[in-house]
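Below is one structure, written out as structure tokens; comments come after it.
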Amino acid sequence: MKTQNKLWVTLTVIVLAIVLFLSTGPFYIVNEGYQSVVTRFGKIVSSHTEAGLHFKMPFVDVVTVYPKLILSLDGDAQRIPTKENQFIIVDTTARWRISDPVQFYNSFKTLDNAYNRLSDVIDSSTRTIITQNRLSEVVRTSNIINDSKPATVYDSANTEDETTAEIDSLVNAKTTSETVTKGRRQLSLEMAADASKMMSEYGIELIDILPRQIKYSDEMTESVYNRMIKERNQVAQAYRSVGEGRKAELMGQLEKEKRSIESEAYRKAEEIKGNADAEATRIYAEAYSADPDFYTFWASLESYKETMGNMDTTFSTDMDYFKYLYSPSGKR
């Protein structure tokens, strides 16, 4: 009987010990998308990167959980000079994740500390890359703006198309931007590569750095506007120059056509006059040959009408010209 009582007491003690042990929380769960680091008196004893149920020593082990997911970090807007010493405001965002929880714990302990350090590294890399490149490389990705108005072959017989082509060539010559050799995307990759040099020792994988916003500084904005106004004025002047040239060309053509029409009209008028004189001469010749005396009489009378009114004084009428004036028969 005593042996049986001892057995029950022993079982009871064991059950109570198990219950007491379990109540201290020797097990913990790592959820999907997270990882953990277990420390004992400040020293790392284990880490787990897979989801599941894991064991820890009660009271002495501390579990620190970190996300495995991709995290984002929005940097502070900073004023940065470009290679040509033009100041711009750059606001970046970065994506990163914890690749080694043990190294991450040794480096930062908490996510807040990691954010602060990452922000400094990303800002430094951003400044380094931007100061080494021109403004056009920072704000543009390709040269499509330079190719937006390609040269076009026009029909030489179509004057309107020729004028359009000339205007396009002048406008393109005035507004063609600098050629981009890298572009914003390549600079983003260089920023990430520069910042990643020290990320491995922190247990961090830096995925990328992207400029979220780029804008001109206040002192540069007015300069940019003035340059835009100057370029637009140059384009307007190009249109005016082409218009004046086209006007002069059209006026020249108009004057040429006018002279051509007048010349043709004069030629036709002279031709008609010549034909009329020839016809009159022919008629006169026929009439003269039909009755030469009458023709001589008629011609003399017509001559008298033209000349007698202009004669103030006649010194003698003894000339053959007046033969029909004093004698109806034409004789004295």
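Once you reduce the range 84-128 and the range 189-220 to the center of their Cα atoms, the two points are 8 Å from each other.
The HN-Hα couplings worked out from phi for the range 277-284 by the Karplus form 6.51 cos²θ - 1.76 cosθ + 1.60 (θ = phi - 60°) are 4, 5, 5, 5, 4, 5, 5, 4 Hz, whole numbers, x standing for Gly and Pro.
With both labels modelled 7 Å from their Cα along Cα-to-Cβ, the Glu286 to Arg79 distance reads 10.7 nm.
Taking H as built 1.01 Å from N, whose amide H comes closer than 5 Å to the amide H of Thr141, not counting residues under 5 places away? Close amide H contacts, sequence-distant or interchain: Arg184.
Remark on Ser99: its backbone amide H falls under 5 Å from those of Ile204, Glu205, a criterion applied only to residues 5 or more positions apart or on other chains, H modelled at 1.01 Å from N.
The string of couplings for the range 47-60 from the Karplus curve (6.51, -1.76, 1.60, θ = phi - 60°) is 8, 9, 10, 10, 5, x, 9, 9, 9, 9, 6, x, 6, 9 Hz, one whole number per residue in order, with x for Gly and Pro. Annotation: amide H of Asn133 within the under-5 Å range of Lys83, sequence separation 5 or more or interchain, hydrogens built in the peptide plane.
Counted residue by residue at 0.36 nm each, then reduced by the alpha carbon distance between them, the extension gain from Trp298 to Arg246 reaches 12.5 nm. Note down the accessible area of Trp298, probe 1.4 Å, to the nearest 10 Å². Rounded to the nearest 10, that gives 130 Å². Calculated FRET efficiency, Ile144 to Ser217, Cβ-Cβ distance, R0 = 22 Å: about 0.25 to the nearest 0.05. Taking the alpha carbon gyration tensor of the range 39-122, multiplying each eigenvalue by 5 and rooting it gives semi-axes of 38, 13, 9 Å, largest first. Separation of the alpha carbons by more than 26 angstrom is noted, of Lys273/Lys305; Lys68/Lys215; Lys68/Lys182; Lys247/Lys268; Lys109/Lys215, for Lys68/Lys215; Lys68/Lys182; Lys247/Lys268; Lys109/Lys215.
Computed from backbone phi, the HN-Hα couplings of the range 226-233 come to 4, 5, 5, 4, 4, 5, 5, 5 Hz, rounded to whole numbers (Karplus: 6.51 cos²θ - 1.76 cosθ + 1.60, θ = phi - 60°; Gly and Pro given as x). Taking all protein chains together and rolling a 1.4 Å probe, Ile204 ends up with roughly 10 Å² accessible.
Sorted on the mean count of surrounding Cβ atoms within 10 Å across their residues, most packed first, peptides 51-59, 280-288 read 51-59, 280-288. Highest mean first, the peptides 242-254, 75-87 sorted by other C-beta atoms within 10 Å per residue fall in the order 75-87, 242-254. For the pair Glu279 and Glu262 in one chain, pulling the backbone fully straight at 0.36 nm per residue adds 3.6 nm over the alpha carbon distance.
Applying 1/(1 + (r/R0)^6) with R0 = 51 Å to the Cβ-Cβ distance of Arg232 and Thr49, what FRET efficiency is obtained, to the nearest 0.05? For R0 = 51 Å, the calculated efficiency reads 0.30. The listed residues Thr131, Thr92, once ranked by accessible area (1.4 Å probe) with the largest placed first, stand as Thr131, Thr92.
The values are calculated or read from the model by the stated rules, or taken from the named source; none is laboratory data. If you're wondering where the values come from, they're calculated on a predicted model, not measured in any experiment. As a convention, Cβ positions derive from the backbone with ideal geometry for all residues, glycine included, and neighbour counts pool all protein chains shown. Ligands, DNA and RNA are stripped out before the accessible areas are found, and what is left, the full protein with its side chains, is counted by its heavy atoms. Shrake-Rupley method; radii C 1.70, N 1.55, O 1.52, S 1.80 Å.
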